[in-house]
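**Student:** The following block contains the structure, expressed as structure tokens.
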Amino acid sequence: MSLSTAILVVSTTAAKDPQTDASIGTLTDVFAGDGSSQFSVDETSIVSDDLAQIQNQIMIWTDSPRPVNLIVTTGGTGFAVSDITPEAVTPLLHKQAPGLVHGMLASSLAVTPFATMSRPVAGVRGKTVILTLPGSPKGAKENLQAVIKMLPHACLQAAGANSRAMHAGGTSRLEKEAGVAASSSGGARHHHHHHHGHGHGHGHGHAGPVRHTKPSEHPVSNDPSLGPSRRHRESPFPMLSVDDALDLIAQQSPVPEVVNAKVDCSLVGAVLAQDVTARENVPAFRASIVDGYAVVVPQDGDLKAVFPVTAVSHAAPGEVGALKRGEIARITTGAPLPPGATAVIMVEDTKLVSMMEDGKEEKEVEIFADNVREGENIREVGSDIKQGAVILRKGSRISAVGGEIGQLAAVGVADVQVYRRPVVGVLSTGDEIVEHNRPGDLQHGEVRDTNRPTLLSAVEGQGFEAVDLGIARDRAGSLEEVLRAALRQVDLVITTGGVSMGELDLLKPTIERSLGGSIHFGRVNMKPGKPTTFATVSVKNNAGDRVVKPIFSLPGNPASALVTFHLFVLPCLHRMSGLEPPGLPKVPVTLAHEFPLDKARPEYHRAIVSVGTDGTLRAESTGGQRSSRVGSMQGANALLCLPSGPEPLPKGSRIDALLMDTIRT
Ligand code: AMP
Ligand code: MG
């Protein structure tokens with residue numbers, strides 16, 4: 001029997017320099033010796049005295065599809081300000097185990113009264129037993145030894161073993177199996193380590209989740225210094241659904257920052273961070289809607305008569321004299337009405353009767369209009385936009401169509417508060433990658449950088465500033481350096497490549513181990529894009545404040561990189577820029593032909609959506625969907641959300657499509 005066991009060292013010192021840690025070795029020896037090979041230490045990790053890091057690591061071990069049986073933490077259980085292990089672990093426990101706590105404390109109290117200075121907790125999360133041991137290797141060892149004989153039983157029960165069967169022999173059988181003696185009992189007991197051998201059987205009493213393969217020696221990401229033989233042979237990251245991944249992105253996206261912006265064409269694409277009210281009325285004066293003659297409407301509305309033209313009002317600023325009954329004033333579209341005028345008669349409803357001596361000006365004009373109402377052909381003050389009214393709501397996006405800029409311009413709003421648009425860095429990784437435009441033939445093994453040009457364009461096309469971070473080589477040091485520099489310069493980093501299972505896939509280890517970032521997910525159940533990785537790193541900005549910056553490490557294959565950009569990076573950028581709703585718009589479409597399905601993973605099939613003859617939207621495949629084939633994105637304006645399944649989806653099926661570009665007509 002082998003209970004998979006994880007050791008979590010909580011120590012800010014050891015996190016910086018793993019060489020200083022002695023606990024992993026000590027505890028591994030205790031598991032091997034006192035644990036009489038019932039435990040296999042499959043996972044170890046070192047984190048700082050940081051609540052989130054502790055919880056993150058524990059949850060990766062407990063909440064994955066194959067949880068470990070036991071987690072022991074060491075460190076952070078004292079009274080120092082930085083000691084927070086019990087505070088991190090307690091909220092994760094579904095069940096408390098005060099007995100184990102008591103067992104540990106009682107044994108160490110027998111050694112030293114300083115045992116009272118440890119604040120251990122123990123319990124069960126899901127199928128995993130969790131214990132917090134003190135930080136000193138000696139204390140940790142003694143505490144573990146105090147309870148280790150009981151742990152197999154606890155672990156198997158926690159893992160869901162049938163407790164009736166386990167307890168069938170009564171406590172004495174259990175004690176015997178655990179190799180412990182009840183202190184009240186006088187009988188001699190053998191320290192006989194009974195190997196249950198139940199772990200592998202299904203339907204057995206002790207059907208604990210026993211691993212058939214050891215995932216690896218290391219916690220989450222690979223430790224690159226250990227070389228290819230020690231890398232994970234299976235990703236240790238839980239496989240998330242796309243929806244769960246999007247939820248995590250939603251939770252972890254930095255909140256948008258508010259800045260002032262000028263109202264000009266650079267505002268296109270920005271999102272307002274305030275309600276904007278009209279500074280002025282539009283129109284600011286009573287204006288004519290037509291070219292014609294301003295009149296004073298009589299009671300009966302009958303204006304059929306010949307009138308003298310006493311004034312002219314052009315659309316030009318300035319004063320106009322008052323109009324009296326019986327007089328008319330020629331007026332142009334948009335020009336201010338003379339005071340006293342109550343309507344405007346269109347020029348089409350009039351006829352010139354006589355001219356001035358010089359032959360240049362009108363003298364008399366006949367009007368053919370009755371039933372004229374006051375206000376006819378007049379735009380009243382504020383009738384288009386009322387001063388003080390809210391013209392644009394917080395959260396509105398300034399489009400290039402012009403309506404929003406127009407509203408702002410019309411009422412004289414020159415500056416607005418908007419959400420600052422994130423600056424995005426794009427980095428390619430890989431020793432084989434060369435500049436896309438490098439002259440000459442490729443050497444054997446070289447690959448032209450496809451992802452940087454595509455992603456830089458996609459980022460800018462979506463209205464964000466893009467920074468070209470170049471190509472990083474597959475060496476941890478250079479990657480770390482490039483990323484550190486990038487995090488100073490940009491708000492969000494996109495990398496491609498280096499997230500597969502090869503020994504030179506350094507993104508995850510570098511983010512986690514060198515940059516102290518948190519990886520929120522490292523595997524998604526989708527095609528293409530399975531190894532998509534999302535992390536955040538906390539860095540100091542220029543003002544010295546800590547800010548969180550997301551890193552999206554997308555797969556290296558060009559089609560995967562573009563699909564996952566649209567699916568995952570874009571919603572994060574939208575959130576960071578205040579845009580609602582985030583992400584691509586989803587519309588229902590009809591399949592124009594049969595579509596094959598992947599048996600295991602939901603697929604984001606690149607397609608061309610157009611308006612069919614019946615007016616509904618139809619979708620056609622762009623052809624071969626291999627993740628290396630960037631041509632699958634050529635001409636594509638949509639990602640079809642295909643479920644996994646054994647049979648192809650027939651022509652005519654209705655399916656959701658995420659629109660990346662405008663619909664074809
Ligand atoms: P990796 O995840 O680094 O193993 O990359 C997966 C595949 O994508 C490999 O075939 C890489 O050569 C390829 N690849 C990685 N980055 C790029 C890039 N920037 N442009 C084109 N292909 C790439
Ligand atoms: Mg690579």
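**Student:** Relative contact order for segment 328-454: what percent, with Cα pairs under 8 Å and sequence separation of 6 or more?
**Tutor:** Once divided by the residue count of segment 328-454, the mean separation gives 14 percent.
**Student:** OK, next. For Arg397, what accessible surface area do you get with a 1.4 Å probe? Give it in Å², rounded to 10.
**Tutor:** 110
**Student:** Another question, if that's okay. So which GluC sites (Glu not before Pro) in segment 311-419 end up in coil per DSSP with only 14 or fewer other C-beta atoms within 10 Å?
**Tutor:** Glu319, Glu357, Glu361, Glu374, Glu380
**Student:** Using +1 on the beta carbon of Lys and Arg, -1 on that of Asp and Glu, and nothing else charged, what's the dipole of segment 366-454 about the Cα centre, debye to 20?
**Tutor:** 460
**Student:** Read phi for every residue in segment 231-244 and hand back ³J(HN,Hα) as whole Hz from Karplus 6.51 cos²θ - 1.76 cosθ + 1.60, θ = phi - 60°, with x for Gly and Pro.
**Tutor:** Running phi through 6.51 cos²θ - 1.76 cosθ + 1.60 with θ = phi - 60° gives 6, 4, 9, 8, 4, x, 7, x, 7, 8, 6, 4, 5, 5 Hz.
**Student:** On to the next question. Largest first, what is the accessible-area ranking of Ser118, Ser538 with a 1.4 Å probe?
**Tutor:** The ranking, largest first, comes out as Ser538, Ser118.
**Student:** Can you tell me the 0 to 90 degree angle between the C-alpha axis of helix 137-147 and the longest principal axis of the chain, rounded to 10?
**Tutor:** Its long axis makes an angle of about 70 degrees.
**Student:** Taking +1 at the Cβ of each Lys and Arg and -1 at the Cβ of each Asp and Glu, which of Pro336, Thr277, Ser225 sits farthest along the dipole of segment 216-368 towards its positive end, judged by Cα position relative to the Cα centre?
**Tutor:** So the residue we want is Ser225.
**Student:** A further question follows. Can you find, among Gly544, Gly463, Leu487, the residue farthest towards the positive end of the dipole of segment 419-549? Put +1 on the C-beta of Lys and Arg, -1 on that of Asp and Glu.
**Tutor:** Going by the Cα projections, it comes out as Gly544.
**Student:** Further question: Could you tally the net charge around Asp275, taking each other residue with its Cβ under 10 Å from the Cβ of Asp275, Lys/Arg +1 and Asp/Glu -1?
**Tutor:** Net local charge, Asp275 excluded: +2.
**Student:** At a 1.4 Å probe radius, carbon and sulfur cover how many percent of the accessible area of the chain?
**Tutor:** 52
**Student:** Something else now. Can you run phi through the Karplus equation (6.51, -1.76, 1.60; θ = phi - 60°) for segment 90-103 and list ³J(HN,Hα) in whole Hz, with x for Gly and Pro?
**Tutor:** Karplus values, whole Hz, x for Gly and Pro: 3, x, 7, 7, 7, 9, 8, 10, x, x, 5, 4, 4, x.
**Student:** Full extension from Glu460 to Glu380: what is 0.36 nm times the residue separation minus their Cα-Cα distance, to one decimal in nm?
**Tutor:** 24.5 nm
**Student:** Please give the charge dipole size of segment 213-307, origin at the Cα centre, charges +1 on K and R Cβ atoms and -1 on D and E Cβ atoms. Round to the nearest 20 debye.
**Tutor:** Roughly 360 debye for segment 213-307.
**Student:** Which value, in Å² and to the nearest 10, is the accessible area of His102 when all protein chains are kept and the probe is 1.4 Å?
**Tutor:** Its accessible surface works out to 130 Å², give or take rounding.
**Student:** Relative contact order of the chain, please, whole-number percent, based on alpha carbon pairs below 8 angstrom and at least 6 residues apart.
**Tutor:** Relative contact order for the chain comes out at 10 percent.
**Student:** Also, quick follow-up: Work out the length of the dipole vector of the chain about its Cα centre, built from +1 on the beta-carbon of each Lys and Arg and -1 on the beta-carbon of each Asp and Glu, and round it to the nearest 20 debye.
**Tutor:** I would put it at about 2840 debye.
**Student:** What value, in deg cm²/dmol to 500, does the helix sum -39500 (n - 2.57) over DSSP H runs of n ≥ 4 give at 222 nm once divided by the residues of the chain?
**Tutor:** Helix-only estimate at 222 nm: -5500 deg cm²/dmol.
**Student:** Calculate the spin-label point distance for Ile289 paired with Ser225, positioning each point 7 Å from the Cα along the beta-carbon direction, and give it in nanometres.
**Tutor:** In this crude spin-label approximation the distance works out to 8.0 nm.
**Student:** Under 5 Å between amide H atoms, partner at least 5 residues away or on a different chain: which partners does Thr495 have, H built in plane at 1.01 Å?
**Tutor:** Counting only residues 5 or more places away or on other chains, the set is Leu427, Phe552, Ser553, Leu554.
**Student:** Please return the longest range in the chain lying between exposed loop sites, taking chymotrypsin sites (Phe, Trp or Tyr not before Pro), DSSP loop only, at most 15 other beta-carbon atoms within 10 Å, and leaving the sites out.
**Tutor:** Maximal segment without exposed cleavage sites: 369-665.
**Student:** Right, another one. Enter the accessible area per residue of segment 517-650 (Å², integer; probe 1.4 Å; all protein chains in place).
**Tutor:** 38
**Student:** Given the whole protein assembly as supplied and a 1.4 Å probe, what does the accessible area of His520 come to in Å², nearest 10?
**Tutor:** Estimated to the nearest 10 Å², His520 gives 40 Å².
**Student:** With point charges of +1 on the Cβ of Lys and Arg and -1 on the Cβ of Asp and Glu, referenced to the Cα centre of the chain, which listed residue (Gln19, Ala52, Leu554) lies farthest in the positive direction of the dipole?
**Tutor:** Checked the options; the winner is Gln19.
**Student:** What's the FRET efficiency of Asn260 with Thr665 using the Cβ-Cβ distance as r and R₀ = 51 Å, to the nearest 0.05?
**Tutor:** About 0.80, to the nearest 0.05.
**Student:** Moving to a separate point now. Are any of the pairs Lys16/Lys527; Lys95/Lys508; Lys16/Lys138; Lys586/Lys651; Lys95/Lys141; Lys304/Lys324 more than 28 Å apart by Cα-Cα distance, and if so, which?
**Tutor:** In this structure, Lys16/Lys527; Lys95/Lys508 lie more than 28 Å apart at Cα.
**Student:** Still on this model: Sequence-distant or interchain residues sharing an amide H contact under 5 Å with Val467, placed H: which?
**Tutor:** Excluding prolines and chain starts, which carry no amide H, the hits are Val424, Gly425, Val426.
The values are calculated or read from the model by the stated rules, or taken from the named source; none is laboratory data. It should be emphasised that the depicted structure is a prediction, and the values quoted were computed from it without experimental measurement. Using ideal geometry, Cβ is built from the backbone for each residue, glycine included, and neighbour counts are taken over all protein chains shown. SASA here: full protein model, heavy atoms, side chains in, ligands and nucleic acids out. Shrake-Rupley method; radii C 1.70, N 1.55, O 1.52, S 1.80 Å.
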